[in-house]
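**Student:** Structure in structure tokens, see below.
Any read-out appearing in this document is the output of simple, stated calculations on the displayed coordinates, not a laboratory observation. Not measured: the values here are computed from a predicted model. Please note: Cβ atoms are built from the backbone with ideal geometry, for glycine as well, and neighbour counts cover all protein chains shown.
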Amino acid sequence: MENLEFPPLKERRSNYDWYIPKGILKRNWMSKHLNQIPSVVVLFVQLDWKHPNWMEKILEVSSKVKSVR
């Protein structure tokens, strides 16, 4: 294994009582996930397992999923 050099460790504070967090989300988080890279898409479809045209419903849902992609 090669000799790897790592940067020195930062000093850890013994007390964090003074620390007030600025928030749990970064400033641009909402814009990023709403406009730039949406990470979740939800498609609600009501299906009846005993529907007479079950195969037709499968194709319909499949085409909806493809159109969302």
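**Student:** Starting from the Cα of LYS50, draw a straight line to each of the lysines and keep only those under 20 Å, dropping any in the same chain fewer than 8 residues away.
**Tutor:** Hits, sequence-local ones excluded: zero.
**Student:** Related question: Given that just one value was derived from the coordinates, which of (i) 82; (ii) 64; (iii) 324 is volume of the Cα convex hull per residue in Å³?
**Tutor:** (iii)
**Student:** With +1 on the Cβ of every Lys and Arg and -1 on the Cβ of every Asp and Glu, and nothing else charged, how large is the dipole of the chain about its Cα centre, in debye rounded to the nearest 20? Before the final figure, lay out each step's value.
**Tutor:** Working: 12 positive and 7 negative charges, 61 e Å.
With only Lys, Arg, Asp and Glu charged at Cβ, the dipole is about 300 debye.
**Student:** I want to check the label-to-label distance for GLU11 and VAL40. Put each point 7 Å from Cα in the C-beta direction and report it in nm to one decimal.
**Tutor:** 4.3
**Student:** Kindly provide the helix-only [θ] at 222 nm of the chain, computed as the sum of -39,500 (n - 2.57) over DSSP H runs of four or more divided by all residues, to the nearest 500 deg cm²/dmol?
**Tutor:** On the way: 1 runs with 15 residues, N = 69.
The helix-only estimate for the chain comes to -7000 deg cm²/dmol at 222 nm.
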